[in-house]
1. Test residue 481 against the stated conditions and say whether it is closer than 24 Å to residue 357 by Cβ, assigned to a loop (DSSP other than H, G, I, E, B) and more than 47 Å from the chain's Cα centre (by Cα).
2. Any residue at all in the stretch 76-95 that is within 12 Å of residue 28 (Cβ to Cβ), crowded, with 17+ Cβ neighbours inside 10 Å, at pLDDT below 90 and more than 51 Å from the chain's Cα centre (by Cα)?
3. So if I check each of 309, 322, 302, which one is farther than 26 Å from residue 225 by Cα and out of contact with any strand residue (DSSP E or B) (no Cβ under 8 Å at 6 or more places or on another chain)?
4. Restrict the check to the stretch 435-447 and report whether at least one residue is in contact with a helix residue (DSSP H, G or I) (Cβ under 8 Å, 6 or more places away or on another chain), outside any loop (DSSP other than H, G, I, E, B) and closer than 20 Å to residue 344 by Cβ.
5. I need a count of the residues in the stretch 439-460 that are within 24 Å of residue 378 (Cβ to Cβ) and free of Cβ contacts under 8 Å to residues at least 24 places away in the same chain.
6. Select, from 343, 275, the only residue that is touching a strand residue (DSSP E or B) at 6+ places or on another chain (Cβ under 6 Å) and assigned by TED's automatic domain parsing to the domain that holds residue 450.
7. If I go through the stretch 341-364 residue by residue, how many of them are farther than 13 Å from residue 439 by Cα and either modelled with pLDDT under 90 or exposed (fewer than 15 other Cβ atoms within 10 Å of the Cβ) (or both)?
8. Looking at the stretch 292-300, can you tell me whether even one residue there is without any contact (Cβ under 8 Å) to a residue 60 or more places away in the chain, farther than 18 Å from residue 197 by Cβ and surrounded by 11 or more Cβ atoms within 10 Å (Cβ to Cβ)?
């Protein structure tokens, strides 16, 4: 008899034992249901047989419970005696159940309710299934080969595959994780034994004789795992565990509780408090190694996940910063809130256009890299100025720069702020270094209603539309170099003291005559 066959027989025997419990419980349940129906229907002549079935069902369930707990006589006897015990102890109440059920079916005739017969048939089916499991278990006790066991029983579990997975040497190629482990136990011999065993497995071990000492070690070192005793004098393991899980710097460190207490309540309390596992003393070395390796491997994956999440958050922050550099903060917040179409009408807004005078000949004389460098320097300075004056940059169009004030949030002093921006833009060009060709700009400003909104899908643009935008653009194109030209509407919107010089009335197609002023 090979070791493999012996293991496979044991595996299938355990499986069959578990399969005994289901039908046995079902038989008892159907018996109780049939008894209730017979009483409700006044079928008193059936009660005695149903009571006998109930007694046999309770005896059967008791035997199955003992078998599952490993307390039956067959667990201690030889193969022949085990077979006799199984056949006698389990088949006797089963035969009684089947016999009395068949008698009730015969007595029922055509007068009894159909549900009564259906429940009796279900109980007989469960008994037949249970008999099949008993025969399979008895056959295994005789040492029959796997082929002798009924196929439907043998194929329910793949014992050979289970044996291969449990006992093959394929796992030896896998490198078990190692880490830095803190052992907390007030008994010196326990600490020494655990430390020696863990060091042999390749782990780095630090010990602590109490909860307070463990906290000191945690302040000095980083640990991958903590083995924590429950029964300690100064701070018991539950208190220590609660302290660990309440501290942000320690809560991610896995903890395996170690104790001589094996009560389920103690284990449950530790798991509820945040422990990753629980081991009872004395340790099984193989189980200890498996639990530690599994916990360390889990922590390794969690650490990796944490690093990935940090990277995602970093990239998300960069993307958020980039989109906030392109769009107003309020618009970004509305996008994050789920709005898909963002469009608003504003009644009082000031629009600024700035354009470089004589840009085409300058661009022809400069090398491309020099031209882009100088444009970038100028527009970057303008961007800083828009932030300083709380004005919204809209976009650059070639060598032109567009800004607006009063969107996306209305502002009472929109005209004053945008005029101040224009003056700062002119002043910045005077101080900006140049190589012979100094940029000179014209600025036009007009105030009035606009529609503002977000357009695009691949590249978002927050833009403004309306007659106010067109007039501002015309005021710039017909303006004066190194000056700001504003409209009558902007002059009326100004609240501060500005020195203005009337210029002329511009006749704009589709708009009519507009009085204009130069800001001095």
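The values are calculated or read from the model by the stated rules, or taken from the named source; none is laboratory data. What you see is a predicted model; the values in this text were computed from it and never measured. Heads up, the Cβs are rebuilt from the backbone with ideal geometry, glycines too, and the neighbour counts pull from every protein chain shown.
1. yes
2. There is at least one residue in the stretch 76-95 that is within 12 Å of residue 28 (Cβ to Cβ), crowded, with 17+ Cβ neighbours inside 10 Å, at pLDDT below 90 and more than 51 Å from the chain's Cα centre (by Cα).
3. Going through 309, 322, 302 in turn, just one is farther than 26 Å from residue 225 by Cα and out of contact with any strand residue (DSSP E or B) (no Cβ under 8 Å at 6 or more places or on another chain): 322.
4. Yes, the stretch 435-447 contains a residue that is in contact with a helix residue (DSSP H, G or I) (Cβ under 8 Å, 6 or more places away or on another chain), outside any loop (DSSP other than H, G, I, E, B) and closer than 20 Å to residue 344 by Cβ.
5. Qualifying residue count, the stretch 439-460: 1.
6. 343
7. So in the stretch 341-364, the residues farther than 13 Å from residue 439 by Cα come out as 341-353, 364.
Filter once more, so that each one left must be either modelled with pLDDT under 90 or exposed (fewer than 15 other Cβ atoms within 10 Å of the Cβ) (or both): 341-345, 347, 364.
Residues that pass the stated criteria total 7.
8. Yes - at least one qualifying residue is present in the stretch 292-300.
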